[in-house]
Structure formats: C-alpha cells, structure tokens
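Take a look at this one; I'll ask things after.
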Amino acid sequence: MGDILIRGGIMIDGTGSPGRRADVRIRTGRIVEVAPTLASDGERVLDASGCYVSPGFIDVHTHLDPTMHWDATCDPMPQHGVTSVLTGNCALSLAPLRAHEREELIDLFCYIEDLDPELFAERISWDWESFGEYIESISGRSYSLNAALMVGHNLLRLYVMGERAWEQGASDDERAQIAELLDGAMRHGAFGLTTCLGFDTDRDRRPVPARLADDAELSSLIQVLGDHEGSVQYNFDTRDGLREPVIRMAELCRPCDVVNTWLGIVHRTGSPDNAQAILDWVSQVQATGARTYPQITPRPLDFNINWSGGMSMDRLVNGWFRVVQATDAEKVRLLRSDQWRLVAREEWDRVPRAMIPHQATERLRLLTVARPENAHWLGATLADLVAARGGHPSDVLADWLLENDLRPGVVAVGVANEDPCGVGETLAHPAGVIGNSDAGAHVKMMCAAGDSTLLLARHVRDRADLTIEQGIHKITGQPAEVFGFHDRGKIRVGAYGDLTVFDLDALHWDQDVWANDLPGGRSRLRRPEGGYRATIVAGQVTQEDGTLTEARPGRILRH
C-alpha cells in the first residue's frame, strides 16, 4: 500500500536547511504530512528514535541497467540508503538496438564495464529494438529501487549508421536521424544522453562510435536535450588533458541551457593541489552561465586486476593487454614466450601508467594464491616479490600468474583518492556533484556500491568535512535538481515517499568481499550492508537493519 509513519527522528529535508525534530507520514507512496508530532492512523509505525530521517539517496552514475535483469534488488544498493539511480552511462545503454547488432553491443558493454557476456545472453530478454519498446518491457517489472534511464550515444550511432559508426562522422541526413532517435527516446521518458569524448575503445582498440561525433552532431543532440530539459553525461581520458573537452562541451551546452556533467575529479597525493585547482577553474566556467558539473566520488580507487578481460592493462597494448584478453591456453603460451616477455618488458618501462599503475609495484598487493607453498606471500606486494626473486617486474608478474593458475588476486591500492583529507576538500567544493560511483560495473575489480555510506561515515561523522545537512543535500536534493528527479530528493508534502533512516554513529563502510551470488554461481565483489535502520521507496521498506525485504516498490522513472 505504501502507507507508513516514520516517528521520532531528526529530519534532514535535503535542502541544506538545519535538521529538526519531525515525523513523516506517507500514504499510497507520497508524503502527506510532516510535523513535530503525528499520531498513528492505522499504518505501520517505524521508530526512528536516535536516527536521522532523510530523503532517499540518489546515485547519478551507475551501470545497473543490465544488473536489473538478474537482480531486481540491485544488492547492496538499498542497504546503503539508495532509492534512485541513473543508468545508461558512458555512452552505453541497452536500447535502441537492432537484433543483428546485439552480439557486438554485448561484447563492447562487457569489455568496457568488466561484466560477464554470458549473463547478458542468458538473463536479458532482448524483446525490444526501439527505446520505447525497451522502457515498456522493463517498466512492467518490480525493483527495490527506482531507475532513471539515459540513452547511450554509441547505440544511437550504431542504430542509424551500422558498422560505419565505427569509422567516420555522420552525414547531414544521418545526423538528423540520430537526433530524431534521441528525441523519440526523450518523449518515452529518457532523462538524457551519455556520450564519450575519449578513452573508451572496444576489445580491438577501436575508438567507440561516440568518439567520432563532431561538434555538429553533438550540437544537434544537445538541442534535443534542451527541448526536453534533459542532461548529458560524458567521459574522456583525463590523463590526456582536462580543460579542452570540458570547455568544448560547456560551449556546446550553454546556448541550450543543458546540464552537462563529466567524470571525474580525483585527488592524487602526487599532485595534491591539482583537484582543487581544477574545481576552482570549473567555478569560473560555471560563472559564465555554463551548467557544467564534475562528478566526485569519496571512494578510494583500489582496483583488483581482472585477468579475464576488461581494461586493467589498457595502455600496455602489445604486452599485458594481450594477456588479459587472451584465452587461458593463449595466456600460457604468451607468458612462456621469450618474445612476448621482451615486448612486455619494453612496454612496461616505456608506458608510465595504465589503468593499473604497473610501475608502482609497491601498490600491487597480492591477495590470493593457488598453491599452499605461496601462502606466505599473501598481503605482500609485487615489489616484495621482485626484491626476493630478482628480475624485471613484468617477468616476475608473468611467473606469478603461471604459478597461480592464471587467476591470482592482485589489487592496485591507492590508485587515487587515497588521502581522506584531500578527498574531503574536493567533496566540500561547491563546483562538483557527488557521483561517478560506477555501481553495477567492474564487479570483478571492485564493488562500487556504498559511496553514500563512506561520505556520511568518514566525511560527515568522523572528519566533519561536511555537516550532516550538507552531506545529505549532496546526495539527495542537489542531484535531484541537477538531473531532473522531480518530486524526489526533498522531504516535503507531495513528494514521493522515498526515505532513508539511519543512526549516524551506526554507519560503517566495510571492505568489499568476494561473493558467488550471481546467476550460475558466478563471482563478484560485494560490499557488506552499511548499518542503516531502514530504506523506504514509495512508502515501502526495501531493507531494514541491513536485510533486504520482499518489497519491490521501485519503478522505471520517466523524465
């Protein structure tokens, strides 16, 4: 029914205003009363004594659109207070899509986001072609949270241009068709467009189709977004420079007053003032009227290397990237090859940084082994292994893979955001928005769920980088306003009954652990629950005291 009374808590309304003692009544999924004291009217009463009551948290950069086909709960997002997510990011979505292009999309999606292509084939119905058919198909299902859908630019170009989308820009006629396709998706409820200006490739190192779009094509799409009050998210390789692509998109979006947001600001101890300098510069760009927002995550970037594909070794193209993409038999052949080892050593020394900081061997920690005699290396680093065994780090790592059945647990720690003090400064800066979680993606490299908990536990409670009101505003009211989650993100009469109830002292952000809970017993990294009293969607409790309920009140949101 969606009827509940949350009583006895301190309400943080999501606007940034001071918290106050208030009860909240929800009927048929909407907030109907907010007052200091409300009497029960026969509905369920949830005791919020000693707790804060806030709007449900909104995660604006996820890849949960495939996950929702095999896990309607999107575990563990509800256990970290999340009630709404934005999906279809990084120019990747599940529609529009012609049937003959399905295998190509699956391979691209799974390569970029480190997901299992067999899950896509087995668990996604694929009973759609157009975006309208897609949103109708998934809207008939029930979820533990709400999902808003973005349209991936790669999909639009492939739908109109076919294989030529990988090779060249669009003609005038194709540009018009691509814009018309986006317009149709927006009319069916899409929240906006996601595109890619750099970085992403397919497994064969071809730039993804979105990267071939010129300013004329982007401008035509942005005009559509302006007509529908939609937004655009984009990514690019910040290692190759940041200001030029940000200015490019800001200039394209400003005439249509379109929100544009991008990935991503991280703090690095090697250049501790860089993130603040960028954010200060973004403030100046915003002052010109550009609605441009960098996304900032509080999470330290630690990456487990996925030896079965993905982008871990993205810039070591001729050496380690080949191994990561190879079959097991081919892996063994390469790792034992003197010629491959020669190439891999040269590239290791020449290329300063891949996604994994390979040259910082002290940051590559050994987590699992296949043989008992190697157990004493658990917790050591590749630097320790090199010091003990001698030789080039690339050769030592190659031997380690062969010794450990091609699947050793190796994690790159402190890739970025390793300094909580520096991270706190970026989170508090007014130019950015909290985002870039990547929840649902890279499940064998990390668990991206729980950013909300880390923000509140570390940067509000423990470090006081933000007040509780500021912290809640940054994950509720602000993203709701920026990205168009109407009637969400604030506690007020008439808003949807999406709430999170928590004792700040009880929150905990724990290390992710391996779980074999994907269909077919497949493994992923999963973060334990975060200590929340309750998460409520449309007046129904989706998790309570860390345990998911049977309620599935979440729905597909239409812009």
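What would the Debye equation give as log₁₀ I(q)/I(0) for the chain at q = 0.08 Å⁻¹, counting only Cα atoms as equal point scatterers?
-0.53
Based only on other Cβ atoms within 10 Å, what is the fewest-to-most ordering of SER40, SER219?
Ranking SER40, SER219 by Cβ neighbours within 10 Å, fewest first, gives SER40, SER219.
Moving on. Using the crude model of +1 on Lys and Arg Cβ and -1 on Asp and Glu Cβ, and no other charge, please compute the dipole size for segment 492-559 relative to its Cα centre, in debye to 20.
Approximately 500 debye in magnitude.
Can you compute the modelled spin-label distance between ASP419 and SER49, with each label point 7 Å from Cα toward Cβ, in nm?
About 4.5 nm separates the two model spin labels.
Based on the Cβ-Cβ distance from ARG371 to SER40, what FRET efficiency comes out when R0 is 60 Å, to the nearest 0.05?
About 0.45, to the nearest 0.05.
How big is the dipole moment of segment 32-75 about its Cα centre under a simple scheme where the beta carbon of each Lys and Arg is +1, that of each Asp and Glu is -1, and everything else is neutral? Debye, nearest 20, please.
It comes to approximately 100 debye.
While we're on this one: Please tell me the relative contact order of the chain in percent, rounded to the nearest whole number, where contacts are Cα pairs under 8 Å and at least six residues apart.
Result for the chain is 23 percent.
Determine the equivalent ellipsoid of segment 102-208 by diagonalising the alpha-carbon gyration tensor, then write out the semi-axes as square roots of 5 times the eigenvalues, largest first, rounded to whole Å.
Sorted largest first and rounded, they come to 23, 20, 12 Å.
Give me the percent relative contact order of segment 307-414, please, defined on Cα pairs under 8 angstrom at least 6 residues apart.
That works out to 26 percent.
By how many nm would the segment from GLN284 to ARG350 lengthen if fully extended, with 0.36 nm per residue of separation less the alpha-carbon distance?
The span from GLN284 to ARG350 would gain 20.1 nm if fully extended.
A further question follows. With the alpha-carbon atoms as the only input, what is the per residue convex hull volume for segment 54-139 in Å³?
Given the Cα convex hull of segment 54-139, per-residue volume reads 100 Å³.
Determine the gain in length on full extension of the stretch ASP517-GLU330; use 0.36 nm per residue of separation and subtract their C-alpha separation, reporting nm with one decimal.
Computed gain between ASP517 and GLU330 is 64.4 nm.
What is the list of residues in segment 269-294 whose amide nitrogen lies under 19 Å from a point 7 angstrom out from the Cα of ALA383, following Cα to Cβ?
Within reach of a label on ALA383, which here means backbone N under 19 Å from a point 7 Å along Cα→Cβ, segment 269-294 contributes 269-272.
For segment 199-211, just list the computed ³J(HN,Hα) in residue order, Karplus coefficients 6.51, -1.76 and 1.60, θ = phi - 60°, integers in Hz, with x standing in for Gly and Pro.
Couplings: 5, 6, 9, 8, 5, 8, 6, 7, x, 5, x, 4, 5 Hz.
Taking the alpha-carbon centroid of each part, what is the distance from segment 418-455 to segment 136-201 in angstrom?
The two parts, judged by their Cα centres, are 26 Å apart.
Right, next: Output the direction-averaged projected area (hull surface divided by four) of the convex hull of the alpha-carbon atoms of segment 10-160, in nm².
11.2 nm²
Under a Cβ-only charge scheme (Lys and Arg +1, Asp and Glu -1), can you give me the dipole magnitude of segment 312-404 about the Cα centre, in debye to the nearest 20?
It comes to approximately 160 debye.
Return the long-range amide H neighbours of PHE199 (sequence gap of 5 or more, or a different chain), with a cut-off of under 5 Å between placed amide H atoms.
Hits under the 5 Å cutoff: ASP237.
In degrees, nearest 10, range 0 to 90: what is the angle between the Cα axis of helix 393-403 and the longest Cα principal axis of the chain?
Taking Cα atoms only, the helix is inclined about 80 degrees.
Show that you can apply the helix-only estimate: for the chain, add -39,500 (n - 2.57) for every DSSP H stretch of four or more residues, divide by all residues, and state [θ] at 222 nm to the nearest 500.
-8500 deg cm²/dmol
Stretch VAL32-ALA99 to full length: gain in nm at 0.36 nm per residue minus the Cα-Cα span?
19.6 nm
With θ set to phi - 60° and the Karplus curve 6.51 cos²θ - 1.76 cosθ + 1.60, what are the ³J(HN,Hα) couplings of segment 316-321 in order, to the nearest whole Hz, using x for Gly and Pro?
Values, residue by residue: 9, 4, 8, x, 5, 4 Hz.
Which values of log₁₀ I(q)/I(0), to two decimal places, follow from the Debye formula for segment 307-414 at q = 0.09, 0.10, 0.12, 0.19 Å⁻¹ with a uniform point scatterer at every Cα?
For the requested q values the scattering log ratios are -0.19, -0.24, -0.35, -0.96.
Would you please give the FRET efficiency between GLU122 and ASP505, computed as 1/(1 + (r/R0)^6) with r the Cβ-Cβ distance and R0 = 51 Å, to the nearest 0.05?
0.75
Something else now. Using only Cα atoms, tell me the angle between helix 215-228 and the longest principal axis of the chain; keep it within 0 to 90° and round to the nearest 10.
20 degrees
Calculate, for ASP204 and ARG461, the FRET efficiency according to 1/(1 + (r/R0)^6) with r their C-beta to C-beta distance and R0 45 Å; round to the nearest 0.05.
Efficiency for this residue pair is about 0.45.
Using each residue's phi in segment 532-544, evaluate 6.51 cos²θ - 1.76 cosθ + 1.60 at θ = phi - 60° and report the 3J(HN,Hα) Karplus result to the nearest Hz, with x for Gly and Pro.
7, 5, 7, 10, 10, 10, 6, x, 10, 7, 8, 8, 9
Along the positive direction of the dipole of segment 172-225 (beta-carbon charges: Lys, Arg +1; Asp, Glu -1; about the Cα centre), which of ALA213, LEU225, PHE191 reaches farthest?
PHE191
Let me ask something additional. In terms of Cα to Cα distance under 17 Å, which lysines are near enough to LYS474, apart from those fewer than 8 places away along the same chain?
Leaving aside lysines fewer than 8 places away in the same chain, those within reach of LYS474 are LYS490.
Rule-based calculations on the coordinates, nothing more; no lab input. Model, not experiment: these values are computed from the prediction. Here the Cβ is made from the backbone with ideal geometry for all residues, glycine too, and neighbour counts use every protein chain on show.
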